[in-house]
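Each remark here refers to the structure printed beneath this line.
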Amino acid sequence: METLVQQQRKLSLKNACVEFMFAYQQRNVDKMLSFCDEKGTVDFQSLGEAGKGKIYELGKGIWSALIDCFPDIDNTLDAAVAEDEETVRCQVVIRGTQKKDFADIPNKGLRFDSDHIFIFHLNDKNKIDDIRISWNHEDFKRQLGS
(Lines give C-alpha, C1' and ligand atoms only; values in the text may rest on other atoms or scores of the structure.)
Protein backbone atom coordinates (compact mmCIF):
# COMPACT_ATOMS: atom_id res chain seq x y z
CA MET A 1 0.00 0.00 0.00
CA GLU A 2 1.30 3.41 -0.98
CA THR A 3 1.94 5.99 1.70
CA LEU A 4 0.45 9.45 1.49
CA VAL A 5 3.94 10.84 0.76
CA GLN A 6 4.34 8.44 -2.19
CA GLN A 7 0.91 9.37 -3.54
CA GLN A 8 1.71 13.08 -3.24
CA ARG A 9 5.07 12.59 -4.99
CA LYS A 10 3.39 10.78 -7.90
CA LEU A 11 0.77 13.52 -8.18
CA SER A 12 3.50 16.16 -8.20
CA LEU A 13 5.35 14.27 -10.95
CA LYS A 14 2.24 13.96 -13.07
CA ASN A 15 1.42 17.64 -12.62
CA ALA A 16 4.86 18.68 -13.92
CA CYS A 17 4.43 16.48 -17.01
CA VAL A 18 0.88 17.67 -17.66
CA GLU A 19 2.12 21.28 -17.41
CA PHE A 20 4.91 20.47 -19.90
CA MET A 21 2.36 19.06 -22.36
CA PHE A 22 0.07 22.08 -21.80
CA ALA A 23 2.99 24.42 -22.61
CA TYR A 24 3.57 22.35 -25.78
CA GLN A 25 -0.11 22.77 -26.63
CA GLN A 26 0.37 26.53 -26.18
CA ARG A 27 3.39 26.32 -28.53
CA ASN A 28 5.60 27.86 -25.83
CA VAL A 29 9.01 26.18 -25.96
CA ASP A 30 10.50 28.39 -23.24
CA LYS A 31 7.71 27.40 -20.88
CA MET A 32 8.21 23.72 -21.81
CA LEU A 33 11.89 24.06 -20.94
CA SER A 34 11.07 25.70 -17.61
CA PHE A 35 9.87 22.29 -16.39
CA CYS A 36 13.18 20.68 -17.38
CA ASP A 37 16.63 20.37 -15.86
CA GLU A 38 19.14 22.36 -17.94
CA LYS A 39 21.41 19.29 -18.13
CA GLY A 40 18.55 16.95 -19.05
CA THR A 41 18.60 14.56 -21.99
CA VAL A 42 16.07 13.74 -24.67
CA ASP A 43 15.70 10.73 -26.93
CA PHE A 44 13.38 11.06 -29.93
CA GLN A 45 13.58 7.27 -30.29
CA SER A 46 12.04 7.06 -33.75
CA LEU A 47 14.97 9.11 -35.14
CA GLY A 48 17.67 6.70 -33.94
CA GLU A 49 21.05 8.12 -32.90
CA ALA A 50 20.23 11.50 -34.50
CA GLY A 51 17.36 11.83 -32.02
CA LYS A 52 19.54 11.70 -28.89
CA GLY A 53 20.79 14.86 -27.21
CA LYS A 54 20.21 17.53 -24.61
CA ILE A 55 16.71 18.82 -23.88
CA TYR A 56 17.89 22.46 -24.03
CA GLU A 57 19.64 21.89 -27.38
CA LEU A 58 18.14 19.09 -29.50
CA GLY A 59 14.75 19.14 -27.78
CA LYS A 60 14.44 22.91 -28.07
CA GLY A 61 15.51 22.77 -31.72
CA ILE A 62 13.06 20.05 -32.74
CA TRP A 63 10.11 21.50 -30.83
CA SER A 64 10.82 25.00 -32.21
CA ALA A 65 11.03 23.62 -35.77
CA LEU A 66 7.79 21.65 -35.33
CA ILE A 67 5.97 24.75 -34.09
CA ASP A 68 7.40 26.83 -36.95
CA CYS A 69 6.55 24.28 -39.66
CA PHE A 70 3.18 23.24 -38.16
CA PRO A 71 1.85 26.55 -36.72
CA ASP A 72 -1.45 24.93 -35.66
CA ILE A 73 0.27 22.00 -33.90
CA ASP A 74 -1.83 20.71 -31.03
CA ASN A 75 -1.86 17.80 -28.64
CA THR A 76 -4.32 15.84 -26.57
CA LEU A 77 -3.04 14.15 -23.45
CA ASP A 78 -4.95 10.87 -23.26
CA ALA A 79 -3.24 9.49 -20.14
CA ALA A 80 -0.54 10.38 -17.62
CA VAL A 81 0.52 7.50 -15.38
CA ALA A 82 3.15 7.74 -12.64
CA GLU A 83 4.95 4.43 -13.05
CA ASP A 84 7.03 5.00 -9.91
CA GLU A 85 8.28 7.94 -7.84
CA GLU A 86 10.51 9.21 -10.67
CA THR A 87 8.82 8.24 -13.95
CA VAL A 88 5.64 9.32 -15.73
CA ARG A 89 4.35 7.81 -18.98
CA CYS A 90 2.11 10.04 -21.08
CA GLN A 91 0.03 8.87 -24.01
CA VAL A 92 -0.44 11.84 -26.33
CA VAL A 93 -2.00 12.49 -29.73
CA ILE A 94 -0.20 15.23 -31.67
CA ARG A 95 -1.68 16.78 -34.82
CA GLY A 96 -1.02 19.68 -37.12
CA THR A 97 -1.01 21.05 -40.67
CA GLN A 98 2.33 21.44 -42.41
CA LYS A 99 3.06 24.98 -43.67
CA LYS A 100 6.84 24.74 -44.26
CA ASP A 101 9.35 22.03 -45.13
CA PHE A 102 10.24 20.05 -42.00
CA ALA A 103 13.57 18.19 -41.91
CA ASP A 104 13.47 15.92 -44.99
CA ILE A 105 9.68 16.26 -45.44
CA PRO A 106 8.67 18.78 -48.15
CA ASN A 107 5.61 20.90 -47.43
CA LYS A 108 2.50 19.68 -49.25
CA GLY A 109 0.04 21.38 -46.89
CA LEU A 110 -1.10 18.05 -45.44
CA ARG A 111 -2.16 17.22 -41.88
CA PHE A 112 -0.85 14.59 -39.50
CA ASP A 113 -2.48 12.96 -36.49
CA SER A 114 -0.05 10.76 -34.57
CA ASP A 115 0.02 8.79 -31.32
CA HIS A 116 3.11 9.52 -29.21
CA ILE A 117 4.43 8.06 -25.97
CA PHE A 118 6.43 10.42 -23.75
CA ILE A 119 8.30 8.84 -20.85
CA PHE A 120 9.47 11.51 -18.43
CA HIS A 121 12.02 10.99 -15.66
CA LEU A 122 12.06 13.66 -12.95
CA ASN A 123 14.81 14.43 -10.46
CA ASP A 124 14.42 15.15 -6.75
CA LYS A 125 13.76 18.83 -7.55
CA ASN A 126 10.74 17.78 -9.64
CA LYS A 127 12.47 18.84 -12.86
CA ILE A 128 12.32 16.67 -15.97
CA ASP A 129 15.84 15.36 -16.52
CA ASP A 130 15.14 12.77 -19.22
CA ILE A 131 12.46 12.43 -21.90
CA ARG A 132 12.03 9.46 -24.22
CA ILE A 133 9.55 10.00 -27.05
CA SER A 134 8.34 7.38 -29.52
CA TRP A 135 5.92 7.45 -32.44
CA ASN A 136 5.45 5.76 -35.79
CA HIS A 137 7.74 7.94 -37.91
CA GLU A 138 6.96 6.14 -41.17
CA ASP A 139 3.23 6.78 -40.67
CA PHE A 140 3.97 10.43 -39.79
CA LYS A 141 5.87 10.84 -43.08
CA ARG A 142 3.19 8.97 -45.04
CA GLN A 143 0.46 11.28 -43.72
CA LEU A 144 2.52 14.26 -44.89
CA GLY A 145 2.91 12.78 -48.38
CA SER A 146 6.59 11.92 -48.06
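The values are calculated or read from the model by the stated rules, or taken from the named source; none is laboratory data. As the structure is a computational prediction, the values presented were derived from the model and not from experiment. Note: ideal-geometry Cβ built from the backbone for every residue, glycine included; neighbour counts use all protein chains shown. Please note that ligands, DNA and RNA were not included when accessible areas were found on the heavy atoms of the full protein model with its side chains. Shrake-Rupley method; radii C 1.70, N 1.55, O 1.52, S 1.80 Å.
Does segment 1-9 contain at least one residue that is part of a helix (DSSP H, G or I), among the aliphatic types (A, V, I, L, M) and within 16 Å of the chain's Cα centre (by Cα)?
Residues of segment 1-9 that are part of a helix (DSSP H, G or I), as a first pass: 4-9.
When the remaining residues are screened for being among the aliphatic types (A, V, I, L, M), the result is 4-5.
Next, from what is left, pick out any that are within 16 Å of the chain's Cα centre (by Cα): none.
Taking every residue of segment 1-9 in turn, none turns out to be part of a helix (DSSP H, G or I), among the aliphatic types (A, V, I, L, M) and within 16 Å of the chain's Cα centre (by Cα).
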remark   = If you go through Asp139, Asp68, the only one that is of a type outside the set (S, T, N, Q), under 18 Å from Lys31 (Cβ atoms) and at pLDDT 95 or above is Asp68
task = Considering only residues that are in contact (Cβ under 8 Å) with a residue 60 or more places away in the chain and more than 15 Å from Gln45 (Cα to Cα), look in segment 93-145 and name the one that is most open to solvent (accessible area, probe 1.4 Å).
result = Lys125
inquiry  = Could you list, ordered by first residue, the pairs with Cβ atoms under 7 Å in which the first is in segment 63-92 and within 20 Å of Ala103 (Cα to Cα) and the second is of a type in the set (S, T, N, Q) and surrounded by 14 or more Cβ atoms within 10 Å (Cβ to Cβ), at least 6 apart or interchain?
reply    = Cys69/Gln98; Phe70/Thr97; Phe70/Gln98; Asp72/Thr97; Asp74/Gln25
message = Six or more apart or on different chains, Cβ atoms under 8 Å: show the pairs whose first residue is in segment 27-49 and within 17 Å of Pro71 (Cβ to Cβ) and whose second is in a loop (DSSP other than H, G, I, E, B).
response = Arg27/Pro71; Arg27/Ile73
task = Give Phe20, Phe35, Phe44 a once-over and let me know the one that is closer than 11 Å to Val88 by Cβ, surrounded by 15 or more Cβ atoms within 10 Å (Cβ to Cβ) and either of a type outside the set (Gly, Ala, Ser) or within 15 Å of the chain's Cα centre (by Cα) (or both).
result = Phe20
